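Everything on this sheet refers to the single structure shown next.
The values are calculated or read from the model by the stated rules, or taken from the named source; none is laboratory data. If you're wondering where the values come from, they're calculated on a predicted model, not measured in any experiment. With ideal geometry, Cβ positions are generated from the backbone for all residues, glycine too; neighbour counts draw on all protein chains shown. Heavy atoms of the whole protein, side chains included, go into the accessibility calculation; ligands, DNA and RNA do not. Shrake-Rupley method; radii C 1.70, N 1.55, O 1.52, S 1.80 Å.
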Amino acid sequence: MDGAKGSALEWALALLRAPGERQGLRQRPLPADGMDVLLGIAAGTMPDQLVEQAWRFGESEADVLEAARFYAREVLFHPQADAYRTLGVAPDASAQRIKAHYRLLQHWLHPDRARSEDDALFATRVNGAWNQLRTPERRQAYDEALRQAAGPVTTDGAVAPVGMRTWRPEPLASHVPSPWRQRFPVLALCGLCLVLVLLALRDVDPPPEAWDDPPREAQAEEGGLDILPT
């Protein structure tokens with residue numbers, strides 16, 4: 001992305017070659033030059049510009065068109081974008097420029113021309129941005145919301161987190177498992193092993209017990225019995 005300088009279309013071509021840079025571009029101000037040309041090419045309303053810009057950058061017309069649309073989808077229409085960015089304008093843009101960009105985007109994303117479900121979603125975001133800026137009163141109220149908010153106000157009126165991060169709720173304390181619940185499987189396994197050992201010991205034959213009766217020789221001496229030789 002370091003080689004991209006100047007017009008919005010040049011940034012778009014650089015992003016097409018390095019799509020992983022989309023997050024960085026979302027944090028940067030929009031290019032001051034050429035955003036109307038980029039949107040006109042994306043909308044298909046400036047075929048002469050498409051030919052001219054393809055010749056200027058030594059790219060195919062298909063790649064220039066794809067770059068313009070990819071830049072708009074990734075940098076202008078992302079969920080945390082405010083109304084100005086969604087319409088491809090700076091916060092100090094004139095009402096005429098805002099309206100012109102809205103018309104270009106509507107020409108591209110109109111439901112009759114939508115090519116995918118994503119295009120329908122982007123059209124909704126563009127309409128939301130336009131509704132927030134289309135009159136001086138609404139724009140003034142939106143600007144005031146931007147000044148008071150901790151982060152950019154998105155096209156649906158929500159305040160996006162600072163740094164364009166997506167908020168994730170912290171887990172509830174009641175959902176944290178107790179230590180004993182975590183140890184239960186280990187304790188159960190140990191108990192099962194102990195039972196198996198006891199059962200194994202019970203099945204072992206006991207050692208032969210000593211005879212309670214004395215040997216016959218001792219009985220003979222005590223009773224005076226004769227022991228006949230065998």
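Applying a threshold of 7 Å to beta carbon distances and a minimum spacing of six or more residues, or different chains, the list of pairs starting in region 119-131 at a residue that is free of Cβ contacts under 8 Å to residues at least 40 places away in the same chain and ending at one that is of a type outside the set (Lys, Arg) and in a helix (DSSP H, G or I) reads Asp119/Leu109; Ala123/Leu109.
Checking the conditions here, which among Leu65, Leu30 is in contact (Cβ under 8 Å) with a residue 12 or more places away in the chain and in a helix (DSSP H, G or I)?
Working: Leu30 fails: in a helix (DSSP H, G or I).
Exactly one residue qualifies, and that residue is Leu65.
The residue that is most open to solvent (accessible area, probe 1.4 Å), counting only those in region 38-62 that are within 20 Å of Tyr102 (Cα to Cα) and free of Cβ contacts under 8 Å to residues at least 60 places away in the same chain, is Pro47.
Would you call Arg97 surrounded by fewer than 18 Cβ atoms within 10 Å (Cβ to Cβ) and of a type outside the set (A, V, I, L, M)? Can you show your working first?
Values: surrounded by fewer than 18 Cβ atoms within 10 Å (Cβ to Cβ): yes; of a type outside the set (A, V, I, L, M): yes.
Yes; evaluated as a whole, the condition is true for this residue.
For region 100-124, the set of residues classified as open to solvent by 50 Å² or more (accessible area, probe 1.4 Å) and within 18 Å of His78 (Cβ to Cβ) consists of Ser116, Glu117, Asp118, Ala120, Leu121, Thr124, listed by residue number. For region 108-204, the helices (runs of 4 or more DSSP H) that sit wholly inside it and include 2 or more residues that are among the aromatic types (Phe, Trp, Tyr) and modelled with pLDDT of 70 or more are 117-133.
Determine if region 71-78 includes at least one residue that is outside any helix (DSSP H, G or I), open to solvent by 70 Å² or more (accessible area, probe 1.4 Å), closer than 22 Å to Val126 by Cα and touching a helix residue (DSSP H, G or I) at 6+ places or on another chain (Cβ under 7 Å). If you could, list the steps in order and put the result at the bottom.
Here is the first cut: in region 71-78, the ones outside any helix (DSSP H, G or I) are 77-78.
Going one step further and asking which of them are open to solvent by 70 Å² or more (accessible area, probe 1.4 Å), we end up with none.
No, region 71-78 contains no residue that is outside any helix (DSSP H, G or I), open to solvent by 70 Å² or more (accessible area, probe 1.4 Å), closer than 22 Å to Val126 by Cα and touching a helix residue (DSSP H, G or I) at 6+ places or on another chain (Cβ under 7 Å).
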